[in-house]
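Each value in this text was obtained by applying a stated rule to the coordinates, not by laboratory testing. Everything quoted here is computed from the prediction, not taken from an experiment. Because the Cβ atoms are built from the backbone with ideal geometry, glycine has one as well, and the counts that use them run over all protein chains shown.
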Amino acid sequence: MYKIGELSKLCSIPVKTLRYYDDIGLLRPDHIDKFTGYRYYSAARLGECCRILALKELGFTLDEIRKHLQAGDTLALLDAKKTELEQTIADTEEKLRRLENLRILTTEGEQTMYPVVIRGNDPIRCVLLRRIYADREEARRTCDTIAAALPPHLVGKRRMLINYETAHKETGLDLAACVEITGKLPADIPYTEKTLDFPGETATLVCPAEKTEEAYRDMIRQLHQYPAQIVGAFAEILHGDGTLELKVPVCRITKDSVFPTEEMRSPFENDPAAIGKWTMLDIVPSREQFLYGHEKSLHLGWLDELYFLEGGAGYWSLPGWTKGWVYTYGKEPQRLLGNRYEIEESDGHTLLYLYMKHYRDGQGIACGMPEVWVYEKTDSLSRKEEEIRRTDRVEYPFVPDAAVLGKWQVRDFYPWKFAENFDPAKQNYPDEELFVREMAFQPDGSCLQITRRHTSHLTWTKGLVLNQKLRTASAYEIRNIDGTEYLIMEWKTGDYQYGSDARIYHYVFTR
């Protein structure tokens, strides 16, 4: 047995610290002399001392060490700390990346860049008038008109514009002119009362009012660097001294998917109001940003026409539906995402709001909040899948083409407006995002199409690749550019078979 002083010298832990370890139950002595109160430790306690010292150096608290040592669960302790340190590293790397991006921008001459802070915000009570304004100046003048119509004791210090647009515009702006109020609004005031709320996290930037355009630019750029997703309308809050607060609700994007996919779905429940065909009107970050007849999205989604088929049947990338939900495939094809929908009658229009969960960058990482895909009902016809699918003639006699025989390796992929813009010097899509990997043409008219997931057995004739199962005929041509042969082939997916404009994409292969 070692006295406490001897153990202190052996393990380089002060006597005072060993006594404290005893008091908190971290390192008990093997024996305490009942007459003298001296503590005695066996040699085995040296190992525990070394373990405590090692864990402290790794950043564990004494309470963490005590709890896990008592439970004998050292592996769980180490795993938890490993996860914590990995997260710390990721957070630090993210801060370093953002810092370097800001540094680059500053060295490029943007000395007046305004920093963005993400935090919670208090609500603001206001009255507003939303409409299409010629420009911001007209909306600001409307703020003054609203303020003049209110009892002076109700008028707060701040004026606001809510910008429902989703892209930069100079004229024809969907805005709400707002004035802060501090009390109960009289019944005869001809304006709408609203609480400007900021649920969740809100990005804030402060700058002079005359720098509004630069503020938008900086805000969007920095949120992209975080990265964070914009999930609502911008609020331009103007203070009396000319200071502008630019605010927008956001959701941070992490490496982990925020939309876990499920293998099970609810039993089918019919929804007569949904049955039929719907045509996409717009895509907006939040429902309140939609305004009928005032399209905001620069592009429509891959599902520009939406069908609710008989019995909840699915088609293309929609494996099915039930009342209140449309299902799409998740990160893995056999797993599903449930996307909620709401139907509303508005000014003689039947609208459907689909809260579409989605992934970004082809990495299987789900964005923080669903986008709102807005549709208008076209008809209420009950259909089956074969009634909505576009097909080609596929019954062609085989005509040989010696030039196409052999294996072709994927080179690139092009959007549907391909025309003649293929340039071998440029890479349109990175290799890791190319779904089709290889095409192999046999002399007997058979053809193998190898993708990342499976191999399809197709047929071909001169100038066409034929998919008998899907009933599509995809044209191909061979181009010789600077001595290299390129096979350019149409890619007819669901955009072609189920979309309104028969979109045709193109794959490019090299021999």
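Between residue 86 and residue 58, full extension at 0.36 nm per residue minus the direct alpha carbon distance yields a gain of 8.8 nm. In terms of the Cα gyration tensor, with a ≥ b ≥ c the square roots of its eigenvalues, is region 402-510 rounded because a/c is under 1.5, prolate because a/b exceeds b/c, or oblate? Rounded, since a/c falls under 1.5.
The region of the chain that goes longest without hitting one of the GluC sites (Glu not before Pro) in a DSSP loop, each with at most 10 other Cβ atoms within 10 Å, is 264-394. When 496, 329 are arranged by Cβ crowding within 10 Å, least crowded first, meaning fewest neighbours, the order is 329, 496. How tilted is helix 136-149 with respect to the longest principal axis of the chain? Cα atoms for both, answer in degrees (0 to 90, nearest 10). Helix 136-149 sits at roughly 70 degrees to that axis.
Mean shadow of the chain, computed from the convex hull of its alpha carbons, in nm²? The orientation-averaged projected area of the Cα hull of the chain comes to 39.9 nm².
Given a cut-off of 22 Å, name the pairs among 3/67; 67/95; 211/296; 169/247 whose C-alpha atoms lie farther apart than that in the structure shown. Show your work: numbers first, answer last.
On the way: 3/67 26 Å; 67/95 33 Å; 211/296 24 Å; 169/247 18 Å.
Too far apart for the 22 Å limit: 3/67; 67/95; 211/296.
Beyond 21 Å, what share of the Cα-Cα pairs of region 157-295 remains, rounded to the nearest whole percent?
Working: 5522 of 9591 pairs.
When every Cα pair of region 157-295 is considered, 58 percent fall beyond 21 Å.
The HN-Hα couplings worked out from phi for region 339-348 by the Karplus form 6.51 cos²θ - 1.76 cosθ + 1.60 (θ = phi - 60°) are 10, 6, 10, 9, 10, 9, 8, 9, 6, x Hz, whole numbers, x standing for Gly and Pro. Close amide H contacts of residue 389 (hydrogens built in the peptide plane, cut-off under 5 Å, sequence separation of 5 or more or a different chain): none are found. Which entries of 407/469; 82/323; 357/384; 16/82 show an alpha-carbon separation above 32 angstrom in the structure shown? Listed pairs above 32 Å: 82/323.
If each residue of separation counts as 0.36 nm, what is the full-extension length gain between residue 386 and residue 270 once their alpha-carbon separation is subtracted? Please report the intermediate quantities before stating the final value.
Values: separation 116, 0.36 × 116 = 41.76 nm, distance 2.01 nm.
Roughly 39.7 nm would be gained on extension.
For region 122-219, trypsin sites (Lys or Arg not before Pro) meeting the loop criterion (DSSP other than H, G, I, E, B) and having at most 12 other Cβ atoms within 10 Å: 169, 184.
Compared with the dominant Cα axis of the chain, that is its longest principal axis, helix 62-71 is turned about 80°. In order along region 435-444, the phi-based Karplus estimate (6.51 cos²θ - 1.76 cosθ + 1.60, θ = phi - 60°) of 3J(HN,Hα) comes to 6, 7, 10, 7, 10, 10, 9, 9, x, 8 Hz; Gly and Pro are listed as x.
A cut-off of 5 Å between modelled amide H atoms, ignoring neighbours fewer than 5 places along the same chain, links residue 485 with 511. The slack in the chain from residue 24 to residue 131, taken as 0.36 nm per residue of separation less the alpha-carbon distance, amounts to 31.9 nm.
Backbone geometry of region 234-240 corresponds, through the Karplus equation with coefficients 6.51, -1.76 and 1.60 at θ = phi - 60°, to 3J(HN,Hα) couplings of 6, 10, 9, 9, 9, 8, x Hz, x marking Gly and Pro.
What is the magnitude of the charge dipole of the chain about its Cα centre, with +1 placed on the Cβ of each Lys and Arg, -1 on the Cβ of each Asp and Glu, and no other charges, expressed in debye to the nearest 20?
Working: 67 positive and 79 negative charges, 341 e Å.
About 1640 debye.
Against the main long axis of the alpha-carbon atoms of the chain, helix 44-57 sits at an angle near 50°. Estimated from helices alone, the mean residue ellipticity of the chain at 222 nm is -7000 deg cm²/dmol (sum of -39500 (n - 2.57) over DSSP H runs with n ≥ 4, per residue).
In the chain, a dipole from Cβ-located charges (positive for Lys and Arg, negative for Asp and Glu) runs towards its positive end, and of 38, 494, 118 it is 38 whose Cα lies farthest in that direction.
Between residue 317 and residue 409, the simple spin-label model (points 7 angstrom out along Cα→Cβ) gives 2.8 nm.
Between residue 228 and 253, the built amide H atoms are under 5 Å apart, and every one of these is 5 or more places off in sequence or on another chain.
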